[in-house]
Every structure is written in structure tokens, then in C-alpha cells.
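Working notes for the structure below.
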Amino acid sequence: MNAKPWYREPWPWILMAGPAAVIVAGAVTLWLALESSDGLVADDYYKRGLAINQDLKLQQQATRRGIEASATLSRGLLRVRLSGAAPEALLAQLAHATRPGHDQKLRLAPAAPGVYEAQLLPLPAGRWRLILEDPRREWKIVKEAL
């Protein structure tokens, strides 16, 4: 009887395939963990929590003054219709839900009475939040998903 060397038999290779796949998957997972930043955890979470209270006060101030806004986005132009106030300009921030690196800050100029416009860069897919403020930062409006 002629015995084959071990590396010519299928069973050792079949038995080694599982652990080899786990090693490769672990290496890929480690690489992904080191190369990508989730950006969801803040180092100064307490200060941000206190800032949330200030933001809520500014939003309540807009409600008390009867200030309302509606926004549209078409062909790279952000248009905001504002009622209840007429500031000389409007500050806007488009905040991505999970990737702060894509956020955009804009200064909207008046285009007509109660209408403000600004050009913006193309937005990647995802959930967006629009934050509107007057230049004096006396009130704030937060809108979800344009």
C-alpha cells in the first residue's frame, strides 16, 4: 500500500480552513477598528450635556416669539422661509447624524422678505439635521431630515 503525504490528503486542509478563516476575519476586523473612527463618543460629555440645556432654552425662545421655518433643498441651493422674525441674515448648520466631518455651516442671505438662501456643497446620503439661528444667537430652530 502506497501512503500519500499528509498535504495530499483533503482532511487536514478541511480542518485547517476554519481556524484560518477566523484568523483572516479577526485581522480584517482589527484593521477596520483601527482605521475608522465612529465619532459618536465625546470626551466632554458633561459640558455637552450642559450645552443641551442652553440649546433647549434657545429653541423655547423661538417658540415663544412665534418664529417658524420651512426649508427646501434643490440643486445645491438651501432656501429657508422664516416667519415671525426678520434678521439681517440667518446662520444655518447642516449636521449629519453620525459623521460630524460632513457637517456644513452656512450664512444665509436674504433673497426676499422672509426668504433666505445659500449655496452648499453636495450632501452625502444619510440623516441630516438643520439648525437655524439668528446672528445674535437669541433663538434657535432645529429641524430634522431635509
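The values are calculated or read from the model by the stated rules, or taken from the named source; none is laboratory data. Just so you know, these numbers come straight off a predicted model, no measurement behind them. Because the Cβ atoms are built from the backbone with ideal geometry, glycine has one as well, and the counts that use them run over all protein chains shown.
For this structure, a couple of remarks:
- Scanning region 94-146 for residues that are without any contact (Cβ under 8 Å) to a residue 12 or more places away in the chain, farther than 19 Å from L82 by Cβ and not in a loop (DSSP other than H, G, I, E, B) yields nothing.
- Test: residue in region 92-103 that is modelled with pLDDT under 85 and hydroxyl-bearing (S, T, Y): yes
- Condition check for E88: touching a Pro at 6+ places or on another chain (Cβ under 9 Å) and of a type in the set (D, E): yes
- Yes/no for L123 being at pLDDT below 85, in the same structural domain as L56 (by TED's automatic domain parsing) and hydrophobic (A, V, I, L, M, F, W, C): yes
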